[in-house]
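> Structure provided below as structure tokens; questions to follow.
Rule-based calculations on the coordinates, nothing more; no lab input. None of the values given here were measured: they were computed from a predicted structure. Cβ: placed from backbone, ideal geometry, glycine included. Neighbour counts: every protein chain shown.
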Amino acid sequence: MDSLTLTFLPLALWWPVATGLSLLLVLSAVLWMFLQNRAPRQQASAGRPAWLPWAFALFALVWWGFGFAFALWPLTELDELGQWARASSYVLVPLWIGGVAWVGALLVQRLLRSMAAMRG
């Protein structure tokens, strides 16, 4: 069965690439939230709380720290055989960390749109 791996990279780069990928996914979700929450120039804030993107950014960075500490950091202690045995973790763990951040961003944005539609 084929699985996702970083075998096209040297073994020494697996952990830095996995860490960078997870950080990139989380930061892109935060950036997307800020871009989506911008008020149009013609309208006022349309009832959107200004603190919400900052709260989401804090949540996303705490989530990344949690994922880094409990899922990515233990991968640094593996020897070469252990790294090969957990090769798919170097791809799947960053995707899980970034995926949760993106799901959170999408849900918060949907909530904001629903609140705006209820206000009229």
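> Whole-Hz Karplus ³J(HN,Hα) for the range 63-78, in order, using 6.51 cos²θ - 1.76 cosθ + 1.60 and θ = phi - 60°, x for Gly and Pro?
4, 4, x, 5, x, 5, 5, 9, 10, 8, 4, x, 6, 6, 8, 7
> Which residues make up the longest stretch of the chain that has no chymotrypsin sites (Phe, Trp or Tyr not before Pro) in a DSSP loop with at most 11 other Cβ atoms within 10 Å?
Longest site-free region, per DSSP loop and neighbour criteria: 52-120.
> Can I ask one more? Run the quick spin-label model on VAL62 and SER88: label points 7 Å from Cα toward the beta carbon, then report their separation in nm to one decimal.
3.2 nm
> With θ set to phi - 60° and the Karplus curve 6.51 cos²θ - 1.76 cosθ + 1.60, what are the ³J(HN,Hα) couplings of the range 101-118 in order, to the nearest whole Hz, using x for Gly and Pro?
Each residue's phi maps through the Karplus curve to give 5, 5, 4, x, 5, 5, 5, 5, 5, 5, 4, 4, 5, 5, 5, 5, 5, 5 Hz.
> With springs connecting C-alpha atoms under 10 Å apart, model the chain as a Gaussian network and identify which of LEU58, LEU95, LEU27 has the largest mean-square fluctuation.
Highest fluctuation of the listed residues: LEU58.
> Under a crude label model (7 Å from the Cα following the beta-carbon direction), how far is LEU35 from ARG110 in nanometres?
Here the modelled spin labels are 2.1 nm apart.
> At SER3 and LEU95, where each label point lies 7 Å from the Cα along Cα→Cβ, what is the point-to-point distance in nanometres?
So the two model labels end up 1.2 nm from each other.
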